Amino acid sequence: MHLIRRIFFIGAIALSAATQLSAFAAEKVKVTASFSILGDLAHVIGGDRVSVYTLVGPNEDAHIFEPKPTDAKQLLTSQVFLTNGLGFEPWAQKLAKASGFKGTSITASKSVQARKMSGETDPHAWQNPNNVIVYVQNIADGLSQSDPAGAKTYQANALAYIQELKALDLWAKAQFADTPVSKRKVITSHDAFGYLSAQYQIQFLSPQGVNTESAPSAKQVSQLIRQIKRERIKAVFVENMANPKLLAQLSQDAGIEVGAALYSDALSAAEKPGSTYLLMMRHNISHLAAGMRLN
């Protein structure tokens, strides 16, 4: 009888230990990402080892985001804070300080060669897939620092994704190849495509600057209308997180139609065509190439 009790007791201890070990193994690294594109990259590189909370979600504008107390609480419980840098999230450091965050901070754009646009640093570096290769390596290194046990997983996921990014770049070049550089002109809401412009020799014109908070003057809009008519530009696109009224009025005054929505600073909702970084880029590039063929 005593032997049976002892076996039962040992079995209970073993079951408890196994349960605790399972719970420990299931504990994920909590990552807070500043906006949806970085949230997607964190999911890809982190895989099953991470849980990701995104501050600025799909179709939302990080330029004008204002953190809430719940965001500070979320960040405080996170092991990793992932931001773009290059001035894209002016609120990020204040949020980290206010929340008392003590974990690993990852600046995805670290070591990316920043561009200047109208005298400002252009933060939209992810519009060039080659820059996202740098982002991915920075994310993998940061996650490895926070979670050394997962380092091999993070680096393997990064290497696999980098191959997809290289393939994306080659595919994009092929899409634009049949359009002469002189015809590669596009109208968009604000200057979010500078890195894509430089990589694929496209001229983007917009009534707004790098930051969506800036409002164009009537003179700037009229100048743009004259340029559209003079150069017969047909490729006009509004962005998913922008107010479409300005561009709609612009295209009406210029006598042209607005094309499909582009995804610039934010991913789309899950059921839309820009729900991941790779899908977003393929959607944008396909529509930009088709639009420019009409110029």
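Where a number appears in this text, it was derived from the coordinates with a stated rule and is not lab data. Quick caveat, the model's predicted, so the values are computed rather than measured. FYI the Cβ positions are ideal-geometry reconstructions off the backbone, even for glycines, and counts take in every protein chain you see.
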Quiz item: Residues 143, 159, 168: which one is closer than 17 Å to residue 263 by Cβ and in a helix (DSSP H, G or I)?
Solution: 168
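State which residue is surrounded by the most Cβ atoms within 10 Å (Cβ to Cβ) when the search covers only region 180-195 and only residues that are of a type in the set (A, V, I, L, M, F, W, C) and touching a residue at least 60 places away in the same chain (Cβ under 8 Å). I'd like the intermediate steps shown before the answer.
Looking only at region 180-195, we keep the residues that are of a type in the set (A, V, I, L, M, F, W, C), and these are 181, 186-187, 192-193.
Now restrict to residues that are touching a residue at least 60 places away in the same chain (Cβ under 8 Å): 186-187, 192-193.
Values: 186: 24, 187: 26, 192: 29, 193: 25.
Checked region 180-195; the qualifying residue surrounded by the most Cβ atoms within 10 Å (Cβ to Cβ) is 192.
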Quiz item: From 172, 177, 198, which residue is surrounded by 15 or more Cβ atoms within 10 Å (Cβ to Cβ) and either closer than 18 Å to residue 292 by Cβ or touching a residue at least 60 places away in the same chain (Cβ under 8 Å) (or both)?
Solution: 172
Practice problem: Return yes when residue 131 is crowded, with 18+ Cβ neighbours inside 10 Å, over 23 Å from residue 283 (Cβ atoms) and not hydroxyl-bearing (Ser, Thr, Tyr) and no when it is not. | Solution: no
Self-check item: Entirely in region 34-140, the strands (runs of 3 or more DSSP E) that have 2 or more residues that are under 23 Å from residue 268 (Cβ atoms) and free of Cβ contacts under 8 Å to residues at least 60 places away in the same chain
Solution: 50-56
Exercise. Given the conditions (1) closer than 23 Å to residue 276 by Cα; (2) touching an Asp or Glu at 6+ places or on another chain (Cβ under 6 Å), report the number of the one that residue 125 does not fulfil.
Key: (2)
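For region 119-141, what are the residues that are hydroxyl-bearing (Ser, Thr, Tyr) and within 16 Å of residue 39 (Cα to Cα)?
Going through region 119-141, the residues hydroxyl-bearing (Ser, Thr, Tyr) turn out to be 121, 135.
Once the filter is applied, which keeps residues that are hydroxyl-bearing (Ser, Thr, Tyr) and within 16 Å of residue 39 (Cα to Cα), region 119-141 yields only 135.
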